[in-house]
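All remarks here apply to the structure that follows.
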Amino acid sequence: MTRPIPASPPLDARSLHLRALAMRGLLAADRGHVGSTLSLIEILRVLYDRIMRHDPAHPEWPDRDRFILSKGHGCLALYAILADHGYFPPADLDTFCRKDSPFGGHPPCHGIPGVEAATGALGHGLSLGIGRARALKLAGSTSRVFVVCGDGEINEGAIWEGAMSAGRTGLDNLWVLIDYNKVQSYGPTAEVLDLEPLADKWASFGFTVDEVDGHDCAALEQVLSRPPNIGRPSALICHTVKGRGLAEAEADPTAWHHKSRLGEAREVIEAAFAAAPPQGAP
Amino acid sequence: MRRTALDMVHELARRDSRVVYVGSDPAPGTLAAMQAEMPGRVMIEGIAEQHVVGMAAGLAMEGLVPYVNTIATFLTRRCYEQNVLDLGLHRTPVRLIANGGGLVYAPLGPTHTAIEDIAIMRAIPGMAVLCPSDAEEMRRLMPLTLDWPGPIYIRLGKGGDPVVSQPDDAPAIGRALVRRPPGVATIISTGIMTAHALAAAERLGQQGIDCGVIHLPGVAPMDDAAIEAASRHSRLLVTLDEHIASGGLGSAVLESLNRTRPLSPCPVLRRALPDDFVHLHGSQNELLSHFGLDAPALAEAIARALAELAGD
């Protein structure tokens, strides 16, 4: 069974900074996915700050680890961490969803350094990642592939087709991280299409499974730093809070899943992150 | 045709280390020799077409050239979103080899007849759609697929189809081949329908009616210049589809003519399957005859159309 995870530690300055950066795009466009962006921040922070081999000056570096945000609607979090690492200027976030901007409401396949795949239709990223992991193994590369899926996303059957394949082929250069914020558009995942027992499911498909507080950077780093189990892909269930860091969104996550016009939400977001300190990559 | 296509995958894999094969649940022993010769480059993934196509896209993103093979209906319908996004949107060089295009699997019923595949695959921007006329043309087309920059859908016939391609053909993706020079009527066909087109033209010739045949080894990209030239030379264009009328070769030819000659006075007679599921069974040829797509029916329809035109 999926284990209950203790309460998250308070958000530190860097986590607040990354949230403010993600919300910068949302405020500029007057729209975007709020809750699904805010639940992702620490997962991406730890991957890009501490775990993945990557070089913002050379986004196509062949020896980099690959990252695919399968839950493409969380793209503001990805844009924020990439901007913060210098893949492009943070000011580019101000063009979010503009007519001539590549920074769309889902990641595009061209035009943004560091974005590896266009996602948005759910359930595609895992198989894309499996193909990349298979190709990397064939080439003798030591690069790894990290795929982040949403919890609602894994309602899709294609995810489980991919999971069967990854387990069978023993892709130990593959990590699947589930942003388990437990709320999808219509309501709680437990009510829409219950995923439990989630850890058992991934284990039964041949994955080494860990669970972690998805807002606890130290805990995330500890799990992600462990060497892979040879011949087994890894699944990391990240227990998160939808809308984390924005009290109103945490309290009413379905209302804050997506905003197509901010209205009164603008002031709430601005007030929550106004004091966030500017802080670059560590 | 399928055997030739798979033999060619093996041959291309020997020549080019980027080539890999991805199958779902093929016949036992499929490409066993390739698997033995180059372990890891034959991937059998099970009956999971969404994953198969997505994984192939991922392989292509890392520089490989995957050839994916399964039954046409399952390679188009089940994983259509993967075809559109993972292949089309990303322009990944994945090659889809589709067994049993058209009515090949008619005995197995409407779940297996791929009669709208051309329509839905050519609707994907950047997707090349190839329909070889026979195994020999397949052999000549396959090397061209190695370096084509985007995804390709390859519609296979039944196997043992009559060879109507010529040894000195030099097919190119997007280029028509003139099988009989344009006449008073010119038939435009693709895939195994070119054999029926040639037989119909032969019959018409015996009646003193000069009928040309233009074979399209593929429906997308379209050879606009060849269609336009035929429309200027002939009084009547005829399109043949082993496919429903909606969105098939006939539609593609009309769109082409509309691009190059929007006010073309040349009429286009379309012969295709009705816009419906095929609820009949029986063999491919039986059904082609049933739907008026065999040579005698075609010749008669063309002669009648020309007579109508002459009477105008």
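Remarks
- Among A:Asp63, A:Asp94, A:Asp151: highest mean-square fluctuation, GNM of chain A, C-alpha pairs under 10 Å: A:Asp63
- For chain B, built as a Gaussian network whose Cα springs stay under 10 Å, the top-fluctuating residue of B:Ser246, B:Ser283, B:Ser189: B:Ser283
- Translational diffusion coefficient (Stokes-Einstein; Kirkwood radius from C-alpha pairs) of the range A:95-189 at 10 °C, 1.306 mPa s, in µm²/s: 108 µm²/s
- Among B:Cys266, B:Cys211, A:Cys217, the order by Cβ neighbours within 10 angstrom, fewest to most, reads B:Cys266, A:Cys217, B:Cys211.
- For the range A:165-253, the set of chymotrypsin sites (Phe, Trp or Tyr not before Pro) satisfying both a DSSP loop assignment and a count of at most 15 other C-beta atoms within 10 Å is given as A:Tyr186.
- Filtered trypsin sites (Lys or Arg not before Pro), the range B:36-105: DSSP coil and at most 14 other beta carbons within 10 Å: none
- Exposed-loop-free span, longest in chain A, where GluC sites (Glu not before Pro) count as exposed if DSSP calls them loop and at most 13 other C-beta atoms lie within 10 Å: A:61-263
- You can think of it this way: the chain between B:His290 and B:Leu108 has 63.8 nm of extra reach, that is 0.36 nm per residue less the Cα-Cα gap.
- Multiplying the residue separation of A:Ala190 and A:Ala203 by 0.36 nm and subtracting their alpha-carbon distance yields 2.7 nm.
- Burial ordering of B:Ile124, A:Ile41, B:Ile302, fewest other beta-carbon atoms within 10 Å first: B:Ile124, B:Ile302, A:Ile41
- Neighbour-count order for A:Val176, A:Val34, fewest beta carbons within 10 angstrom listed first: A:Val34, A:Val176
- As computed over the range A:13-273, the Cα convex hull volume per residue (Å³): 111 Å³
- Of the trypsin sites (Lys or Arg not before Pro) in the range A:55-160, those whose Cβ has at most 14 other Cβ within 10 Å and which sit in DSSP loop: A:Arg98, A:Lys99
- From phi via Karplus (6.51, -1.76, 1.60), per-residue ³J(HN,Hα) for the range B:196-210 in Hz, x at Gly/Pro: 5, 5, 5, 5, 5, 5, 4, 4, 5, x, 5, 8, x, 9, 7
- Stokes-Einstein translational diffusion, the range B:2-155 - Kirkwood Rh over all Cα pairs, 0.890 mPa s, 25 °C, in µm²/s: 161 µm²/s
- Cα radius of gyration and Dmax for the range A:1-75 (Å): 14.7, 43
- Taken along the Cα-to-beta-carbon direction at a fixed 7 Å, the label points for B:Arg91 and B:Ser283 span 4.5 nm.
- Global dimensions of the range B:137-238 from alpha-carbon coordinates: Rg and Dmax equal 14.1, 46 Å.
- Space enclosed by the convex hull of the alpha-carbon atoms of the range A:20-129, per residue, Å³: 96 Å³
- Separation in nanometres of the label points that stand 7 Å from Cα toward Cβ, at A:Ser225 and A:Lys99: 5.0 nm
- Considering all C-alpha pairs of the range B:177-311, those separated by over 28 Å amount to 11%.
- Radius ratio Rg over Rh of the protein assembly as shown, counting only Cα atoms, Kirkwood formula for Rh: 1.06
- Principal semi-axes of the equivalent ellipsoid, √(5λ) from the alpha carbon gyration tensor of the range B:188-248, are 20, 15, 10 Å from largest down.
- Counting lysine pairs in the protein assembly as shown whose alpha carbons fall under 29 angstrom apart, excluding pairs fewer than 8 residues apart on the same chain, gives 14.
- Summed side-chain charge close to A:Ala77 - residues other than A:Ala77 whose Cβ falls under 13 Å, Lys, Arg +1, Asp, Glu -1: +3
- Cα-based equivalent ellipsoid of the range A:159-273: semi-axis lengths in Å, sorted from largest, via gyration tensor: 32, 17, 11
- Principal axis dimensions, chain B - Cα atoms, whole angstrom, descending: 65, 38, 35
- Inter-probe distance in nm under a simple model that places probes 7 Å from Cα toward Cβ, at B:Gln206 and B:Val268: 3.1 nm
- Here the calculated FRET efficiency for B:Arg175 and B:Ala307, from their Cβ-Cβ distance with R0 = 35 Å, stands at 0.60, rounded to the nearest 0.05.
- Shape annotation for the range A:154-213: C-alpha extents along the principal axes are 35, 26, 16 Å, from largest to smallest.
Taken together, the values in this text are just the output of simple stated rules run on the coordinates, not laboratory data. Bear in mind that the values here come from a model prediction, so they are computed numbers and not experimental data. All Cβ positions, glycine included, derive from the backbone under ideal geometry; neighbour counts span all protein chains shown.
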